[in-house]
1. Give the residue, chosen from Ala29, Ala65, Ala23, that is in contact (Cβ under 8 Å) with a residue 24 or more places away in the chain, small (Gly, Ala, Ser) and either part of a loop (DSSP other than H, G, I, E, B) or within 30 Å of Gly93 (Cβ to Cβ) (or both).
2. So Ile7 fits all but one of (1) in contact with a helix residue (DSSP H, G or I) (Cβ under 8 Å, 6 or more places away or on another chain); (2) farther than 17 Å from Leu196 by Cβ; (3) among the β-branched types (Val, Ile, Thr); what number is the exception?
3. Working carefully through the options Val122, Val143, Val156, find the one that is part of a helix (DSSP H, G or I), crowded, with 16+ Cβ neighbours inside 10 Å and not acidic (Asp, Glu).
4. Take the residues of the range 35-62 that are assigned to a helix (DSSP H, G or I) and among the β-branched types (Val, Ile, Thr): which is farthest from Lys194 (Cα to Cα)?
5. Report yes if some residue within the range 138-152 is closer than 25 Å to Leu66 by Cα and polar (S, T, N, Q); otherwise report no.
6. Which residues, taken from the range 68-111, are in a loop (DSSP other than H, G, I, E, B), surrounded by 17 or more Cβ atoms within 10 Å (Cβ to Cβ) and touching a helix residue (DSSP H, G or I) at 6+ places or on another chain (Cβ under 9 Å)?
7. Considering the range 79-95 alone, what residues qualify as being closer than 20 Å to Pro130 by Cα and touching a residue at least 24 places away in the same chain (Cβ under 8 Å)?
Amino acid sequence: MSAREDILSNIRARRVRSATRPAPYKLPALPKEALAQFMDRARASGAEIRSLASAADIPSAVAEALRDRNLPAVVHLPPDAQWAALPWDNAPGLTTTREAPGGDDAALNMAPFAIAETGTLVYLSDAARPASWHFRPGLEIAVLRADCVLSHLESVLAKAKIAGTLPHTINLVTGPSRTGDIEQTLELGAHGPKALVIFIVGTIAT
C-alpha cells in the first residue's frame, strides 16, 4: 500500500458516518407571566413604564410625560394615519406635528410587538413607520398593546411571518440608547433617544 493510500484509508476509518442529531431546541421558560416579565426587564434596562386602560388615554399620558421632564408640549407623530384618530383634544396645550424629530424632541411610536424575555420593543419598518424614527428623538414614547407582548424573539418572528411578509428592517429597542465605549463611562443618547417611555395599553398593571 502506498503512502497516499495509507493516508486515505486512515481518513476513511476515522470518518464519522452518521453524526448524532442534536436535541430539538426548546425555548427557555420565563420566570414570570409574559407581561410581568417584560415590564420587569424593560424597567431594569432604564425604560419608564406607564399602564393605560385604553388608547383614548394616550394624549393625556403624552402631555403628562412631557410635563414630568419639563419638555415643550410638542410631540412628533410618524406618518402612520392611526394617530389622527386619537382624542388629542383631551390634552389641552399639547401640539402634534408630523415633522421628523430632532435630538431635543419627543416622538411617539407604535411598537407592534415586544419580547418579554429581554424587555425589548420590536419595530417592523414600513413607509408609515420609518426605521429612522427610533433613532432621531431625545425622548421616545412607545405605545404597546398588552396582548402584543410575546415570550421570545422566535415567537415574535413567527407571529410577524403569519401577519405578512417580514420587512427589510426590524429594530430591536431595549431601553434608552447608551454606550460605554469612551473611557468606560456610561453615556445616554449616543446613538438614539436618551429616554424611553413605554405606554402599555389594555392593562392596569403596575
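The values are calculated or read from the model by the stated rules, or taken from the named source; none is laboratory data. As the structure is a computational prediction, the values presented were derived from the model and not from experiment. Cβ sites come from the backbone with ideal geometry, for glycine too, and all protein chains shown count toward neighbours.
1. That would be Ala65, the only listed residue that is in contact (Cβ under 8 Å) with a residue 24 or more places away in the chain, small (Gly, Ala, Ser) and either part of a loop (DSSP other than H, G, I, E, B) or within 30 Å of Gly93 (Cβ to Cβ) (or both).
2. Of the numbered conditions (1) in contact with a helix residue (DSSP H, G or I) (Cβ under 8 Å, 6 or more places away or on another chain); (2) farther than 17 Å from Leu196 by Cβ; (3) among the β-branched types (Val, Ile, Thr), the odd one out for Ile7 is (1).
3. Sole residue among the options that is part of a helix (DSSP H, G or I), crowded, with 16+ Cβ neighbours inside 10 Å and not acidic (Asp, Glu): Val156.
4. Ile58
5. no
6. Leu77, Pro78, Leu86, Ala91, Leu94, Pro101, Ala111 - these are the residues of the range 68-111 that are in a loop (DSSP other than H, G, I, E, B), surrounded by 17 or more Cβ atoms within 10 Å (Cβ to Cβ) and touching a helix residue (DSSP H, G or I) at 6+ places or on another chain (Cβ under 9 Å).
7. Passing the criteria: Pro79, Asp80, Ala81, Gln82, Trp83.
Conditions (1) at pLDDT 90 or above; (2) under 10 Å from the mean Cα position of the chain (by Cα), marked per residue:
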{"site": "Asn90", "(1), (2)": "yes, no"}
{"site": "Thr95", "(1), (2)": "yes, no"}
{"site": "Gly103", "(1), (2)": "no, no"}
{"site": "Ala107", "(1), (2)": "yes, no"}
{"site": "Ile115", "(1), (2)": "yes, yes"}
{"site": "Thr118", "(1), (2)": "yes, yes"}
{"site": "Ser132", "(1), (2)": "no, no"}
